[in-house]
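The values are calculated or read from the model by the stated rules, or taken from the named source; none is laboratory data. Predicted model only: the values in this text are computed from it and were never measured. Methodologically, a virtual Cβ is constructed for each residue, glycine included, from the backbone with ideal geometry; neighbour enumeration extends over all protein chains shown. Just the protein is used for accessible areas: all its heavy atoms, side chains included, with ligands, DNA and RNA removed. Shrake-Rupley method; radii C 1.70, N 1.55, O 1.52, S 1.80 Å.
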Amino acid sequence: MSVRLTVPLQARAGEGGGGTDWSVTGGAGHDGMSLLGFLQYLWERAGLTVAPQGERRRWADCHRVLQDVVSRVAISGGAAGEGCYVVPPFDVSAPDRHRAAFARFIDGLGDREGMSRRRLLLGAVRSWSDTPYGQRLDLRHHPVPVFVSHAVGARLRRGAPSVFARARPTGSEQVVVAAVTRSDAGNLSVVAAAVMLTGCGFVPADSSHEVVMADALYGAGREFYKPLRYDGSEDTLPDFVLTDTDPPTAVEVWGMGEQEQYALRRDRKRQLYRLRRTPLIEWDPGDRLPDLTRR
């Protein structure tokens, strides 16, 4: 597949990253696919929206399937497999094993002949730490830090406030795809980015409450997947879908019931589920979790 991004991987030096890329819903419009849409596309194609069976999925498992998908995607007119570096798991027996591949990835980044060259870096977040100019982003399994300016960081948080909630459930992860370049000092700096919240073996979630539900479903031994919004045209896009029932069961986490517009949308979705005879499991985070065992 060929993907055209809203953030150009080559632009005139000094140009911004493209303010249209901070959508929380991802998607592919007439201007191209946002970084969040691209991240969701990779996750779905790699089968990572489906809950793991047995042992929880690790980053090593994610890397293997993501790398396979990336190797077959041409980004913004480039050759398939180029333009996106998926951080590999650290190999204790060979700590320098991936150094050459990363060196090839960053070769050519930065401003040259009046053009700024960028590429995509994809990995799981280990930490964010403040710097005088913004934040330092460290990725799991990866020794090289990435730097985020105050402006880019602020836009990132405005676009995905739930991803950056202070109190996130234990076991949740942040996954980031960032368009990066090299500064004059040789550091990797973020031009634009998208961050996705995950839990339960890196299954995506739109909120901390969804992480709790996904982990509870996994703990109950249920088979389910997470529908993603970038390709979701249904008027009842559920938070999760149980696939071990016939017909499949929709799972909804009503996290903002006190907001009038949200309550209206919730009631409309309930009505559509009834009309379509779709089984429904509901949870208001103010209440106890429902019984999630299969009957």
Antiparallel bridges, percent of DSSP beta bridges restricted to the range 74-184 (to nearest 5)
85
Net charge dipole size for the range 247-294 [Lys, Arg +1 and Asp, Glu -1 on Cβ; Debye, nearest 20]
400
Only Cα pairs within less than 10 Å get springs; with that Gaussian network setup on the chain, which residue of S129, S162, S71 has the largest fluctuation?
S129
In the chain the DSSP beta bridges are antiparallel at a rate, in percent to nearest 5, of 80
Ranked by GNM mean-square fluctuation in the chain (Cα springs under 10 Å), the top entry among A154, A94, A179 is A94
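Taking the range 148-207, which trypsin sites (Lys or Arg not before Pro) meet the DSSP loop condition and have no more than 15 other C-beta atoms within 10 Å?
Answer in residue order: R166.
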In degrees rounded to 10, the 0-90 angle between helix 150-159 Cα long axis and the longest Cα principal axis of the chain is 20
Using a 1.4 Å probe on the protein heavy atoms only, what accessible surface does H209 show? Give it in Å² to the nearest 10.
80
Helix 260-275 versus the longest principal axis of the chain: what is the Cα-based angle in degrees, 0 to 90, to the nearest 10?
60
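Please state the charge dipole magnitude for the chain, taken about the Cα centre, from unit charges on C-beta atoms (+1 on K and R, -1 on D and E), reported in debye and rounded to the nearest 20.
Once rounded to the nearest 20, the dipole reads 260 debye.
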Per-residue HN-Hα couplings for the range 33-44, Karplus 6.51 cos²θ - 1.76 cosθ + 1.60 at θ = phi - 60°, whole Hz, x for Gly and Pro?
9, 6, 5, 5, x, 5, 4, 5, 4, 4, 4, 5
Choose one of V190, A263, V92: the residue whose Cα lies farthest towards the positive end of the charge dipole of the chain (beta-carbon charges +1 Lys, Arg; -1 Asp, Glu; about the Cα centre).
V92
V87 accessible area, nearest 10 Å², 1.4 Å probe?
0
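Quick check for me: using +1 on Lys/Arg Cβ and -1 on Asp/Glu Cβ, what's the dipole size of the range 36-89 about its Cα centre, in debye to the nearest 20?
That gives the range 36-89 a dipole magnitude of about 100 debye.
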Quick check: at a probe of 1.4 Å, how many percent of the accessible area of the range 96-220 sits on carbon and sulfur atoms?
50
R72 versus M115: modelled label distance in nm, points set 7 Å from Cα along the beta carbon direction:
2.9
On a 0 to 90° scale, report how tilted helix 208-219 is relative to the longest principal axis of the chain, with both axes built from alpha carbons and the result rounded to the nearest 10.
70
Cα→Cβ-extended label distance, 7 Å offset, between S149 and Y133, nm:
1.0
The chain: longest segment with zero exposed GluC sites (Glu not before Pro), where exposed means DSSP loop plus at most 14 other C-beta atoms within 10 Å, is residues 114-233
